[in-house]
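Engineer: I'd like to ask some things about the structure below.
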Amino acid sequence: MSTPPAATPTAPAPVHAPGWWRRNGWALAALPVALALTLVASGDRVRTLWWEQDLRRPTAAGPGATVEFHQDVRDGLGGTVPLDVEVGLDRVADAAPLPDGMELPTGTRAVRVDLTLSADPDVVLVGCSLAVRDADGTRYDYVASAWGAWQPVSPCVPQDATGPWPSLGDLDDEISPDGTGQAPRPTTWSVSPVVVVPQDVEVTDVVLWWQLPQHVRLDVGG
Amino acid sequence: MSTPGPLAASSDDRAAGGPAVPEQPPARVRRPRPRALAAGAAVLAALAVGHVVVTAFPVDDRVQAPFLRTTTVGEPVDLRYARLTVGRPTGSTVLDGDDGTLLATPGVWLTVPLTIEALGQPRALGFAELHGGDGRTYTVFTSGRSSFLPGTTQPGVPRYATLRVEVPPQAVPGARLRVGLDLDDQRRDDVADVELGLTQADAEAWAAETTPVVAHAPSDAPPEDS
């Protein structure tokens, strides 16, 4: 360091002001947070209008495997009811014979989905929906009354022993004070709903759900 | 804020009897700097411009408008959820609802056959309305006489349905049909806009027609086969 010439009347050594990045450091740090909050605030309906409108959260089982599925199902009375069930896909095959009265539209075939399920007899399982899908993800739903046939409304429980129905609150006792009159549902049972698909469709997986977006996905073996 | 006046001078100054001249600079009062003022004004201006943009232009309607897919009779139109083919409309003053009842009208019963091919998953189309050539919109399904209830269409299984709408004869020439998925909400979704190709001659002929026109029940089999 050399001493500056004393004779030169220079201005005081310049004090470097903090740079723009340093002065605005806190604002820059807050910017990602503000952007995230903006997206959250503007996306308040994404959940109800999009996420919960389709099959989004699978509980998957490989070919031949059994899967345990749990969901806290909203009961419509402000609470939730736990749903625990074990599901296994036995096979998917052409339905023969067809359900009584079924007349297939031109260019279609019927496939029978053999499922084995296990659950406590007091778990509410009626109200389930079932569908098969092809490799493209196109979904073909089980329809209880269509094409001239009447199949069980709930494809996942025995028709003559459905188990309990969802509670209607205080109306339960007035509607069926003595229960449904059915035998209790067994702890393990099998069902074989029939789904109509276009003739050339190969079923790659079976989906079963109670309340979207959660669902059980059962892959069909190759 | 202003600079301190004499009252703010120190007591030493007053004791000396001299004029209230401060020996040291007064406590510094921070004034808003011009840059800060300019920044504040810029923020306010941006807010004002944003407000004008949002309110002065009808952007809400355009942002929420359905995506109209125009087509004509016999030309399939691909929508997000289905492929739709509209057949040739027919009309009469009497409608055979395919359920054992006949409905008469002082106007015209217009029936439009549709073929629906669902895409991706089963779809139940529920929205239809007729934009009449008289400038009025005729809703379908709300009254129960004019109805469009095709039921659920499975992918790969075409569904054949007939839409029926009761209109005055002057609505027939130049009428357009709109068909969509959701009865209550067509915002930001595909809606088919079908030019039906109807003329004044059609209106006059159908207004004088007494042979019932049949509105077939929806089916997965073509009407000719059922």
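All of the numbers you see were taken from the coordinates with simple rules; none came from a lab. The structure presented is a predicted model; accordingly, all values stated were derived computationally and were not measured. All Cβ positions, glycine included, derive from the backbone under ideal geometry; neighbour counts span all protein chains shown.
Engineer: For labels at A:Arg56 and A:Asp84 in the simple 7 Å Cα→Cβ model, what's the distance in nm?
Structural biologist: If labels sit at A:Arg56 and A:Asp84, their model points lie 2.6 nm apart.
Engineer: Give me the Kirkwood hydrodynamic radius of chain A, using the inverse of the mean 1/r over all pairs of distinct Cα atoms, in Å to one decimal.
Structural biologist: Working: mean 1/r = 0.0457 Å⁻¹.
Hydrodynamic radius (Kirkwood, Cα pairs) of chain A is 21.9 Å.
Engineer: I've got another one for you. Which is the longest part of chain A that has none of the GluC sites (Glu not before Pro) sitting in a DSSP loop with at most 16 other Cβ atoms within 10 Å? Before the final figure, lay out the partial values.
Structural biologist: Numbers: sites that count: A:Glu103, A:Glu202.
My reading of the result: A:1-102 is the longest stretch.
Engineer: Considering amide H positions built from the backbone, and no H for Pro or chain starts, which residues 5 or more places from A:Asp205, or on another chain, come under 5 Å of its amide H?
Structural biologist: Long-range HN contacts for A:Asp205: A:Arg133, A:Val220.
Engineer: Give, to the nearest whole percent, the P(r) tail of the stretch B:67-214 beyond 20 angstrom, counting all Cα pairs. Please report the intermediate quantities before stating the final value.
Structural biologist: Values: 4750 of 10878 pairs.
Taking all Cα-Cα pairs of the stretch B:67-214, the fraction more than 20 Å apart is 44 percent.
Engineer: Using a 10 Å cut-off around each Cβ of peptide A:191-204, what is the average number of partner chain Cβ atoms that fall inside?
Structural biologist: Details: counts 0, 0, 0, 0, 1, 4, 4, 4, 1, 1, 2, 0, 0, 0.
Mean number of neighbouring Cβ atoms from other chains: 1.
Engineer: Can I ask one more? Would you tally the net charge around B:Leu103, using a Cβ to Cβ cut-off of less than 12 Å, leaving B:Leu103 out, and scoring K and R as +1, D and E as -1? Don't skip to the end; give the middle numbers.
Structural biologist: Numbers: positive: B:Arg145, B:Arg164; negative: B:Asp96, B:Asp98, B:Asp99, B:Glu166.
Neighbourhood net charge equals -2.
Engineer: If you place +1 on the Cβ of every Lys and Arg and -1 on the Cβ of every Asp and Glu, how big does the dipole about the Cα centre of the stretch A:58-219 come out, in debye to the nearest 20?
Structural biologist: Working: 8 positive and 25 negative charges, 93 e Å.
The calculated dipole for the stretch A:58-219 is roughly 440 debye.
Engineer: Rg (Å, one decimal) plus Dmax (Å, integer) for the alpha carbons of the protein assembly as shown?
Structural biologist: Rg, Dmax (Cα atoms, Å): 36.1, 121.
Engineer: Here is a follow-up. Is there a quick way to get the dipole size of the protein assembly as shown? I mean about its Cα centre, with the Cβ of Lys and Arg at +1 and of Asp and Glu at -1; what is the value in debye to the nearest 20?
Structural biologist: 3360 debye
Engineer: How many nm is it between the label spots at A:Asp114 and A:Ala135, if each spot is 7 Å from the Cα in line with the beta carbon?
Structural biologist: About 2.5 nm, to one decimal.
Engineer: Across peptide B:155-161, how many C-beta atoms of other chains are within 10 Å of each residue C-beta, on average? Please report the intermediate quantities before stating the final value.
Structural biologist: Numbers: counts 9, 12, 11, 3, 1, 0, 0.
Counting other chains' Cβ atoms within 10 Å and averaging over B:155-161 gives 5.
Engineer: Could you line up B:Phe141, B:Phe148, B:Phe67 from fewest to most neighbouring Cβ atoms inside 10 Å? If you can, show how the numbers build up before the last one.
Structural biologist: On the way: B:Phe141 17, B:Phe148 23, B:Phe67 13.
Exposure proxy ranking, most exposed first: B:Phe67, B:Phe141, B:Phe148.
Engineer: Let me ask you something else. Assuming R0 = 56 Å, can you tell me the calculated FRET efficiency for the pair A:Arg91 and A:Asn24, based on Cβ-Cβ distance, to the nearest 0.05?
Structural biologist: Numbers: r = 65 Å, r/R0 = 1.16.
Efficiency for this residue pair is about 0.30.
Engineer: Moving on to the next point. Could you give the length gained on full extension between B:Phe57 and B:Ala39, defined as 0.36 nm per residue of separation minus the Cα-Cα distance, in nm? List each step's numbers first, then the result.
Structural biologist: On the way: separation 18, 0.36 × 18 = 6.48 nm, distance 2.69 nm.
Full-extension gain reported as 3.8 nm.
Engineer: Give, rounded to the nearest 20 debye, the magnitude of the charge dipole that the stretch B:138-226 has about its Cα centre when Lys and Arg contribute +1 at Cβ and Asp and Glu contribute -1 at Cβ.
Structural biologist: Working: 7 positive and 14 negative charges, 37 e Å.
Dipole size: approximately 180 debye.
Engineer: Please tell me the relative contact order of chain A in percent, rounded to the nearest whole number, where contacts are Cα pairs under 8 Å and at least six residues apart. Walk me through the numbers before you get to the answer.
Structural biologist: On the way: 378 pairs, mean separation 56.8, N = 222.
About 26 percent, as a whole number.
Engineer: Pop the C-beta distance of B:Thr101 and B:Ala124 into the FRET formula with R0 = 22 Å and round what comes out to the nearest 0.05. All intermediate terms of the calculation are to be shown ahead of the outcome.
Structural biologist: Details: r = 24 Å, r/R0 = 1.09.
About 0.35, to the nearest 0.05.
Engineer: Fewest to most neighbouring Cβ within 10 Å: what's the order for B:Leu37, A:Leu89, B:Leu114? Walk me through the intermediate numbers first.
Structural biologist: Working: B:Leu37 11, A:Leu89 25, B:Leu114 22.
With the sparsest Cβ surroundings first, the list reads B:Leu37, B:Leu114, A:Leu89.
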